[in-house]
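To start, the structure itself, in structure tokens.
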Amino acid sequence: MASGGTGYGDGHLADVLWFRTTKEISEHPERVRDALASASLGSKPEHAYWGQSIESPTLFVWILVWDTPTPPDTAESALPALAAPLCAPDGQPTRWRVRFPSHVPPYAPLIASVTEFATSESDQIEVLQRLSQAVLVAIDATTFEGYRGRARGVALHDPGSVVYLAGWDSIEAHMKVGTEDGHQAVVKAAEELFQHFRDFQMHHMQLQRVVWPQP
């Protein structure tokens with residue numbers, strides 16, 4: 001469903017899960033790291049990352065990019081179950097399985113000093129695809145200081161649900177977008193796109209690679 005009309009083909013499948021913890025747990029992020037590292041998933045992807053929001057430290061994200069076109073079914077239930085005890089009383093983990101296009105894998109933004117992590121939802125699928133493509137073309141044609149690449153993944157459960165990742169050397173580098181000459185095409189395309197979102201969230205994350213325990 002999600003790949004229809006997106007041009008993503010088989011692409012790169014990833015489980016993306018985000019949740020809010022209590023302030024106490026946010027002050028001990030190793031608990032979040034260790035919970036993910038202990039996951040019994042049947043297989044352990046080489047590219048797996050975790051981290052917390054710089055501006056809002058109670059927000060955490062787990063991103064597992066699978067090395068196989070058929071990720072283990074256990075991930076669908078195991079990941080939310082591992083995160084649930086870490087969540088704040090009024091929050092539950094959100095998990096999307098998304099597909100990144102094969103020609104633009106998500107690795108570069110995941111290993112950057114700062115990862116722009118955005119999720120969006122829209123009911124206007126065709127408009128979303130057209131305007132998103134215009135934004136990506138504008139980004140790829142523009143030079144940004146401190147920019148380390150981007151990736152856009154579409155959720156399998158709903159082609160109107162999207163994860164966008166971009167890598168930056170710093171938050172300041174990202175916040176300069178739109179303030180310098182040559183950025184007008186990106187700003188114009190993004191402003192038009194944002195009008196069609198039902199929901200949009202963006203955070204700056206500091207991600208680290210998961211070190212899986214040795215058997």
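The values are calculated or read from the model by the stated rules, or taken from the named source; none is laboratory data. Predicted model only: the values in this text are computed from it and were never measured. Here the Cβ positions follow ideal geometry from the backbone for every residue, glycine too, while neighbour counts run over all protein chains shown. Heads up: the accessible areas ignore ligands, DNA and RNA and are worked out on the full protein's heavy atoms, side chains in. Shrake-Rupley method; radii C 1.70, N 1.55, O 1.52, S 1.80 Å.
Of all residues in the range 87-115, which are among the hydrophobic types (A, V, I, L, M, F, W, C), closer than 22 Å to Pro45 by Cβ and either surrounded by fewer than 19 Cβ atoms within 10 Å (Cβ to Cβ) or modelled with pLDDT under 95 (or both)?
Val104, Ala108, Ile111 - these are the residues of the range 87-115 that are among the hydrophobic types (A, V, I, L, M, F, W, C), closer than 22 Å to Pro45 by Cβ and either surrounded by fewer than 19 Cβ atoms within 10 Å (Cβ to Cβ) or modelled with pLDDT under 95 (or both).
Go through the range 77-95 and count every residue that is among the charged types (D, E, K, R) and in a loop (DSSP other than H, G, I, E, B).
So the count comes out to 1.
Looking at Thr142 and the list (1) open to solvent by 10 Å² or more (accessible area, probe 1.4 Å); (2) under 29 Å from Ala78 (Cβ atoms), which single condition is not satisfied?
(2)
Any idea how many residues of the range 192-215 are of a type outside the set (A, V, I, L, M, F, W, C), open to solvent by 100 Å² or more (accessible area, probe 1.4 Å) and farther than 20 Å from Ala108 by Cβ?
So the answer is 4.
Would you point out which residue out of Ala189, Ala118, Ala185 is open to solvent by less than 50 Å² (accessible area, probe 1.4 Å) and touching a helix residue (DSSP H, G or I) at 6+ places or on another chain (Cβ under 6 Å)?
Residue meeting the stated conditions: Ala189.
Residues of the range 115-131 being assigned to a helix (DSSP H, G or I) and within 16 Å of Ala189 (Cβ to Cβ), which ones?
Of everything in the range 115-131, those that are assigned to a helix (DSSP H, G or I) and within 16 Å of Ala189 (Cβ to Cβ) turn out to be Val127, Leu128, Gln129, Arg130, Leu131.
Return the residues of the range 145-159 that are open to solvent by less than 30 Å² (accessible area, probe 1.4 Å), in contact (Cβ under 8 Å) with a residue 40 or more places away in the chain and farther than 23 Å from Thr94 by Cα; say none if nothing qualifies.
Matches in the range 145-159: Gly149 only.
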